[in-house]
Amino acid sequence: MTVPLQLRWLDETVPTVSTGISWGVPWPQGSVKTDSLAFHLTSEQGTAVPVQSWPAAYWPDGSLKWTGHAASIRMGTADTFLTLAQGPSPSPEPVPLTIREDSDFIEVVNGTRICRIGRSGPSLIRSFAIGERRIAEDGHLVCIREVRTEEAMGLTIREEHFVSQVDSAIVEQAGETRVVVKIGGRHRSESSDRLWLPFTVRLYFFAGIDTVRMVHSFVFDGDAEQDFIRGLGVRFSVPLRQQFHNRHIRLAGEETGLFAEPVKVIAGRRNHSPDLYVRQIAGEQIPNIEDLPGNQDIHPMAVWDAFKLTQISADSFTIQKRTGAQSAWITAASGRRSLGLAFAGDTEGGLAVGMKNFWQLHPTGFEVEKASTDAAEVSVWLWSPDAPAMDLRHYSTEDHGLDASYEDIEPGFSTPYGIARTTELTLCPFDRTPSNDDLLSFARANARPAQLVCAPEHYHSVGAFGVWSLPDRSQPGKRWIEEQMDDAITFYQGQIEQRRWYGFWDFGDVMHSYDPTRHTWRYDIGGFAWANTELMPDLWLWYSFLRTGRADIFRMAEAMTRHTQEVDSY
């Protein structure tokens with residue numbers, strides 16, 4: 001099968017928000033020559049969609065085996081199907097991406113939106129601006145190390161704080177439709193000379209799309225006996241220009257819920273203007289305090305300086321707020337599984353941040369501090385400091401026998417040194433306080449990103465994945481085999497949910513040996529617990545997706561692959 005090629009949306013639904021997407025396409029040997037790398041994309045209605053293309057792999061005869069593509073999909077232009085064909089692509093509208101570089105920074109210009117990226121120092125993102133207005137500044141990484149000291153009176157715990165130190169920043173891909181900037185560095189102690197936890201952050205920009213995709217990866221290179229990570233995250237400074245009652249915080253709850261409150265709520269025993277209160281909660285601009293009726297009653301009302309959402313487990317999150325560091329946190333709301341989004345700003349603009357797989361990668365969180373100052377601090381916690389510190393020590397200090405437990409302790413083989421984890425964030429600067437509906441749409445799109453894929457028939461015809469078959473239920477024996485494979489997927493999906501196989505280090509993996517006597521998986525017997533690619537579950541899942549095109553299997557395979565290439569391989 002050659003071009004033109006019909007593509008479809010993984011979830012079989014058209015994106016509900018404008019979004020930048022990247023995908024890959026395999027080609028049969030000899031069908032696409034290396035001098036034919038020009039592709040164009042059209043919607044079902046015939047609308048041209050600018051697309052950026054590049055080679056990803058080659059067949060032995062030199063023809064293209066894989067091509068990578070990127071496009072900006074705008075609301076109202078996406079259709080159920082898109083067609084990829086050879087030929088020149090139009091330039092992005094309204095304007096293509098441009099890059100400005102010097103020895104100190106990289107600047108990506110996307111229409112009126114400008115992002116400046118540092119080549120050195122603590123800040124990865126020095127500023128986000130819309131026109132002349134700065135929306136966010138000083139985007140940097142943070143880490144809290146819990147230092148434990150055994151003393152005569154017991155265990156003493158103190159904290160050591162780290163921030164990112166950027167060692168390099170390069171433009172990894174420069175195109176009119178997509179720009180990728182790669183940033184590398186380590187975490188630097190604020191109280192010593194220590195540098196550790198190397199990180200790689202990639203920023204993805206798409207022409208005409210307001211959001212920026214941020215992919216954060218770090219490697220653990222510490223000593224498991226001494227280095228307990230209490231908190232790991234990304235922090236931004238958000239300038240605030242309006243009075244307290246026109247500053248707003250938004251935190252996503254479950255699928256349809258959004259916590260939406262101002263820093264100063266103008267409601268009390270005497271509410272002189274209920275209409276103003278409704279408009280305030282909606283995030284609309286209302287007059288300054290001195291111009292409000294009954295302002296003498298508003299002045300003493302509380303100013304809430306900090307807000308946080310903590311996803312402590314796969315089944316529980318809480319939202320809390322407080323007036324200051326000397327005051328207690330009070331619980332404002334709670335629920336099961338947050339969509340994973342936070343916004344902080346005022347009626348002149350602010351920053352929204354979303355995290356993919358937020359509740360699945362618990363303990364996670366969002367925290368807004370200093371909302372009563374000229375600049376709020378917005379922290380995205382990849383590992384929330386409200387949870388116990390990350391403990392990466394081996395489960396035992398003794399050798400339990402290779403023959404007995406299929407696992408033993410050897411120097412250098414029982415350490416976490418070199419394991420890694422990747423987290424995907426989406427950043428969106430706003431020039432106003434966005435509506436609740438807009439933020440919920442953004443949160444849902446971030447939790448389940450749009451993805452273009454080919455039909456199973458195309459993947460099968462290409463021959464790039466070896467020998468495999470499409471589903472065939474034409475005979476009783478073949479139908480039985482297909483049903484067995486479907487049942488196996490359903491069974492593991494059920495076990496993931498029933499056994500809560502989620503968490504920062506566990507999400508994506510499954511267990512492989514069941515103990516029928518205890519009615520549990522052998523989680524505590526070395527070598528018999530997590531699959532860790534043993535019996536090739538990742539390949540099983542990917543072939544199952546290729547055969548069926550099912551979105552639920554794709555996401556299982558994606559999570560498994562991410563886990564095994566980072567947590568299980570070092």
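The values are calculated or read from the model by the stated rules, or taken from the named source; none is laboratory data. Just so we're clear, the structure is a prediction, and the values are computed from it rather than from any experiment. Note that we place each Cβ from the backbone using ideal geometry, even for glycine, and neighbour counts take in every protein chain shown. In case anyone asks, the SASA skips ligands and DNA or RNA and just uses the protein heavy atoms, side chains included. Shrake-Rupley method; radii C 1.70, N 1.55, O 1.52, S 1.80 Å.
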Rg to Rh quotient for region 198-282, alpha carbon positions, Kirkwood Rh: 1.14
For the chain, alpha-carbon Rg over 2.2 N^0.38 Å: 1.05
Residues listed by number, region 337-357, amide nitrogen under 15 Å from R448 label point at 7 Å toward C-beta: 338-340, 356-357
Distance (nanometres) between label positions extended 7 Å along Cα→Cβ at D487 and Y514: 1.1 nm
Whole-Å distance, taken between Cα centres, linking region 1-60 and region 289-332: 48 Å
Shape metrics for region 337-378, restricted to C-alpha atoms - Rg then Dmax, Å: 11.8, 34
Model label zone, R279; criterion: amide N under 16 Å from point 7 Å along Cα-to-beta-carbon; scope region 292-324: 292-295
Region 89-158 versus region 372-426: alpha-carbon centroid distance in Å: 25 Å
Sequence-separation-based contact order of the chain, relative, with Cα cut under 8 Å and 6+ spacing, percent: 13 percent
Proportion of all alpha-carbon pairs of region 13-99 beyond 20 Å (%): 37 percent
Amide H contacts under 5 Å for V51, placed H, 5+ residues apart: L41
Cα-based convex hull volume of region 224-383 per residue, rounded to whole Å³: 127 Å³
Apportionment of accessible area to carbon and sulfur, region 251-385, percent (1.4 Å): 48 percent
Length released on extending from T47 to R473, taking residue separation times 0.36 nm less the Cα-Cα span: 149.6 nm
Å² per residue, accessible surface of the chain at 1.4 Å: 44 Å²
Cα-only radius of gyration and Dmax that characterise region 1-154, units Å: 22.0, 76
For region 430-474, the Rg and Dmax computed from alpha carbons only, in angstrom: 19.6, 58
Whole-percent carbon and sulfur share, accessible surface of region 57-115, 1.4 Å: 57 percent
Share of Cα-Cα pairs in region 439-510 lying beyond 21 Å, as whole percent: 60 percent
Whole-number D in µm² s⁻¹ for region 415-570, Kirkwood Cα-pair radius fed into Stokes-Einstein, 37 °C, 0.692 mPa s: 179 µm²/s
Computed over region 115-183: relative contact order in percent, which uses C-alpha pairs under 8 Å that are six or more apart: 28 percent
Distance in nm between pseudo-label sites at E172 and A85 (7 Å out along the Cβ direction from Cα): 3.3 nm
R100 paired with A267, simple spin-label distance in nm, labels 7 Å along Cα-to-beta-carbon: 4.5 nm
Distant alpha-carbon pairs in region 86-161 (separation over 21 angstrom), percent: 54 percent
Residue-span extension gain [Y417 to E254] - 0.36 nm each, minus C-alpha spacing: 55.1 nm
Residue-span extension gain [M301 to D11] - 0.36 nm each, minus C-alpha spacing: 99.7 nm
Local electrostatic count at E101 - Lys and Arg +1, Asp and Glu -1, tallied over other residues with Cβ under 10 Å: -1
